[in-house]
1. Could you go through the stretch 81-92 and let me know if any residue there is buried (at least 21 other Cβ atoms within 10 Å of the Cβ), in contact with a strand residue (DSSP E or B) (Cβ under 6 Å, 6 or more places away or on another chain) and not in a strand (DSSP E or B).
2. Out of curiosity, is residue 158 more than 24 Å from residue 245 (Cβ to Cβ), assigned to a helix (DSSP H, G or I) and at pLDDT 95 or above?
3. Out of all the residues in the stretch 45-72, which are charged (D, E, K, R) and closer than 16 Å to residue 21 by Cα?
4. Of the residues that make up the stretch 108-115, is at least one assigned to a helix (DSSP H, G or I), touching an Asp or Glu at 6+ places or on another chain (Cβ under 8 Å) and modelled with pLDDT of 90 or more?
5. Could you list, in sequence order, all residues of the stretch 3-47 that are of a type in the set (Val, Ile, Thr), within 20 Å of residue 77 (Cβ to Cβ) and modelled with pLDDT under 90?
6. Being farther than 13 Å from residue 333 by Cα and surrounded by fewer than 17 Cβ atoms within 10 Å (Cβ to Cβ) is the requirement here; does residue 63 meet it?
7. So, in the stretch 17-60, exactly how many residues are assigned to a helix (DSSP H, G or I) and open to solvent by less than 30 Å² (accessible area, probe 1.4 Å)?
8. Provide a single number: the residues in the stretch 61-76 that are without any contact (Cβ under 8 Å) to a residue 40 or more places away in the chain and not in a helix (DSSP H, G or I).
Amino acid sequence: MLNVIKKILPDAYELLLRRNQILEVIHENSPIGRRMLAEKVNLTERLIRNEIKVLKKQQLISTTKIGMYLTDEGLQTLEELDKYFNEVFYLADLEKKLAESLAIESCTIVPGDLDQDRAVLSLVADKAVEVMDRLLGEGKQIITVMGGTTLKEVANHMTPKLSNNRELLFVPARGGLGDEATIEANIIAQRMAEQTGGQGHGLYAPEHVHQNTHKELMKEPEIKKTLELIENASLILYSIGNPIVMAKRRGLAEETIEYLKEKGAVAEAFGEFIDAEGDIVLKLPNIGLQSSSLNQIEHILTVAGGEEKALAIRSYLKTAPSHTQLVTDAAAANKILNWGDPLK
């Protein structure tokens with residue numbers, strides 16, 4: 001939020017920092033006179049008089065003959081500001097370290113652990129939409145999306161604001177898995193279109209099919225048209241799945257699931273099951289975006305969080321293009337960084 005204020009209202013950002021500094025100096029040096037305060041914060045006495053007037057009106061400070069004090073409300077406000085600034089600067093540092101560790105373009109981190117507090121998923125979704133708004137240009141923009149509970153939440157947090165000066169077209173990046181309809185890529189793409197006032201385009205085919213069927217379906221004109229849209233997308237939005245959960249969602253045979261366990265699969269995306277070293281242990285023929293096509297998409301946005309997903313995020317992003325951007329939570333970020341070895 002501070003970065004947003006800094007960009008949109010730079011004067012408000014400077015004012016917030018100034019008043020926070022004034023409250024800190026009064027707290028550390030009370031009782032303190034106006035002249036001494038002006039010297040310590042390096043402001044003119046005229047400007048200090050104006051600031052004191054405002055802070056006193058807000059009942060944050062009290063003035064006496066021997067100097068100024070913080071009121072109880074002023075002390076509480078200062079404590080809340082300190083907590084907020086500490087969290088903001090801590091997360092900013094964590095974002096930089098995580099992006100460097102994963103060798104990707106950038107990371108955006110929200111506080112908490114969505115495994116322990118589902119409200120954190122809402123924060124992650126909000127941030128994902130915020131990042132999309134920053135990345136997308138004006139005019140026609142094609143956004144291709146995967147399925148899953150995380151992206152379902154992202155869809156629910158979208159608003160018409162995302163369509164400002166844009167014509168948005170949402171396209172599913174994969175076919176259907178045949179399980180819960182609300183987390184299918186087709187449904188999520190349509191939901192995003194509804195939420196933003198954009199358009200949706202479906203991919204009406206199963207994602208995982210037999211090799212021979214796959215070849216035949218790829219010849220279908222409507223499927224070919226959809227795949228062309230996908231490969232010309234401005235942005236791909238996807239999450240990283242638990243490999244065993246995703247194998248079951250795809251209806252894979254029990255022996256295949258056992259094979260994935262034996263091979264140490266820890267992550268899944270784009271029909272690829274990845275081990276802890278970032279190697280593909282199983283790749284399914286799928287109808288939709290291939291990971292090999294990611295490099296040609298301008299913006300890659302990965303959204304995944306929770307400490308339990310840390311290994312999956314870390315392992316899968318070993319294979320990701322360097323211009324990938326990640327939205328996650330502090331629990332996953334700290335877990336990844338605590339492994340402490342370079343990924344690339």
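The values are calculated or read from the model by the stated rules, or taken from the named source; none is laboratory data. Please read these numbers as outputs of a predicted model, since none were measured by experiment. Reconstructed Cβ throughout: ideal geometry from the backbone, glycine too, with neighbour counts over all protein chains shown. Calculation scope for accessible area: heavy atoms of the full protein, side chains included, ligands and nucleic acids excluded. Shrake-Rupley method; radii C 1.70, N 1.55, O 1.52, S 1.80 Å.
1. No.
2. Numbers: more than 24 Å from residue 245 (Cβ to Cβ): yes; assigned to a helix (DSSP H, G or I): no; at pLDDT 95 or above: yes.
So residue 158 does not fit the description; no.
3. 45, 49, 51, 53, 56
4. Looking only at the stretch 108-115, we keep the residues that are assigned to a helix (DSSP H, G or I), and these are none.
No, every residue in the stretch 108-115 fails to be assigned to a helix (DSSP H, G or I), touching an Asp or Glu at 6+ places or on another chain (Cβ under 8 Å) and modelled with pLDDT of 90 or more.
5. Step one: list which residues in the stretch 3-47 are of a type in the set (Val, Ile, Thr), which gives 4-5, 8, 22, 25-26, 32, 41, 44.
Applying the additional criterion that residues be within 20 Å of residue 77 (Cβ to Cβ) yields 5, 22, 25-26, 32, 41.
5, 41 - these are the residues of the stretch 3-47 that are of a type in the set (Val, Ile, Thr), within 20 Å of residue 77 (Cβ to Cβ) and modelled with pLDDT under 90.
6. Values: farther than 13 Å from residue 333 by Cα: yes; surrounded by fewer than 17 Cβ atoms within 10 Å (Cβ to Cβ): yes.
Answer is yes for this residue.
7. Final tally of qualifying residues: 12.
8. 8
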